[in-house]
1. Which condition number does GLU263 fail, the rest of (1) surrounded by 16 or more Cβ atoms within 10 Å (Cβ to Cβ); (2) over 25 Å from ASN151 (Cβ atoms); (3) of a type in the set (D, E, K, R) being met?
2. Can you work out which of the residues in the range 77-129 that are touching a helix residue (DSSP H, G or I) at 6+ places or on another chain (Cβ under 8 Å) and acidic (Asp, Glu) is modelled with the lowest pLDDT?
3. Among the residues of the range 150-157, are any closer than 19 Å to GLU263 by Cβ and either crowded, with 17+ Cβ neighbours inside 10 Å or among the small types (Gly, Ala, Ser) (or both)?
4. Hey, which of the helices (runs of 4 or more DSSP H) in the range 195-292, taking only ones fully inside, have at least 1 residues that are among the aromatic types (Phe, Trp, Tyr) and modelled with pLDDT of 80 or more?
5. Can you tell me which residue among LEU25, LEU80, LEU57 is of a type in the set (A, V, I, L, M), on the phi < 0 side of the Ramachandran plot and surrounded by fewer than 19 Cβ atoms within 10 Å (Cβ to Cβ)?
6. Within the range 241-260, which residues are more than 20 Å from HIS144 (Cβ to Cβ) and buried (at least 20 other Cβ atoms within 10 Å of the Cβ)?
7. Could you check the range 240-259 and list, in sequence order, the residues that are more than 16 Å from TYR18 (Cα to Cα) and touching a helix residue (DSSP H, G or I) at 6+ places or on another chain (Cβ under 8 Å)?
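The values are calculated or read from the model by the stated rules, or taken from the named source; none is laboratory data. Here the structure is a predicted model, which means the values were calculated and not measured. Reconstructed Cβ throughout: ideal geometry from the backbone, glycine too, with neighbour counts over all protein chains shown.
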Amino acid sequence: MLSIEVTRECPLRCPGCYAYNDSHLGEGGPSLRSLSDYRGSDLVSGIYRLVDEHQPLQVSLVGGEPLMRHRELSKVIPELSRRGIYTLIVTSGVIPIPRAWCATPRVTVAVSVDGNPEDHDLRRKPATYERILKNIEDRTVNIHWTIVRNNIERPGYMERYLNFWNARPEVNRIWVSVYTPQLNEESPERLTPENRKQLAGFFRSIGATYPKLSMHSGLMDAFVSPPEAPSSCLFSKLSVNYTADLSTRVEPCVFGGSPNCAECGCSISMGLHWLGNVNVMKPLKARHLIHGSLAIGRAVNRIRHQDRDLRWSDAHYTEETLPSDSEDLVQIEQ
């Protein structure tokens, strides 16, 4: 899997945004706002270069706000589809989504909607509910919800969110993540251990009430007991992530910095963590096959004298690796 932050630009100032955290690209490293990014044919050719180098099965185009580069992506997306690559575009919905993207094979557009209107509109203005509904009209999208503490602690909150989006004709699937903090972070978004148990109980109890909700019961086990370090996270091992200069890598995963893996809530990470525990043939599990494949790949790379080993080192991932105080986020003039 390949993830590319296609631009550093974003018209939003969302609290807790991991991409604009000063430690996103490593303690003492550059910040996203300080990097050069690309436009036009340079961006298009740069994306193709990374795809040719890594030959991924799936590409995620993120940001910043990727639709700030919708003209360039309208050239890239059909070509990735033609190559048989699955493409995910993650957007705030602040800009109209090209209809052609939603009709292209192997392309998924995910719109981030963080809670019900009274919270989402405050956090994500100008990407308000009203604007999102206008910009997804007559399209097909997935809704991505990152759950924070107050979503769980307010009675009826989660049911109201799911009732609204499950009924929308534009919505194909509802994806759920849980807010993932950095190491030693204290914030109102961060879930308590009791919150995680409450959340697992809620999703186990609703069963098939919401057909568009992608939440397998096995995923709840992964949310309650996520991998505690990059070394045990299949997502970290199977993905490579680039920021907007198309050369700097985001490590150990898309969050960058020093994510608190023991409190991870990333839906992709949890999905792979659950998948890894699926029995293929007792006592063989899927993760054994994946680890074996990775070991073979590393051996082949050494024979070919290619430097394609894991992107991170446990020696550099410690409790002392802390995010520094963030500055004001980038604001793009409307």
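1. (2)
2. ASP114
3. Yes: one or more hits.
4. Here the list reads 234-238.
5. So the residue among LEU25, LEU80, LEU57 that is of a type in the set (A, V, I, L, M), on the phi < 0 side of the Ramachandran plot and surrounded by fewer than 19 Cβ atoms within 10 Å (Cβ to Cβ) is LEU57.
6. Result: THR243, ALA244, LEU246, GLU251, PRO252, GLY257, SER258.
7. Of everything in the range 240-259, those that are more than 16 Å from TYR18 (Cα to Cα) and touching a helix residue (DSSP H, G or I) at 6+ places or on another chain (Cβ under 8 Å) turn out to be VAL240, LEU246.
A quick yes/no check of all residues on (1) free of Cβ contacts under 8 Å to residues at least 24 places away in the same chain; (2) aromatic (Phe, Trp, Tyr); (3) more than 26 Å from ASN150 (Cα to Cα); (4) surrounded by fewer than 19 Cβ atoms within 10 Å (Cβ to Cβ):
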site: VAL176; (1), (2), (3), (4): no, no, no, no
site: SER187; (1), (2), (3), (4): no, no, no, yes
site: LEU199; (1), (2), (3), (4): no, no, no, no
site: ASP221; (1), (2), (3), (4): no, no, no, yes
site: SER225; (1), (2), (3), (4): yes, no, no, yes
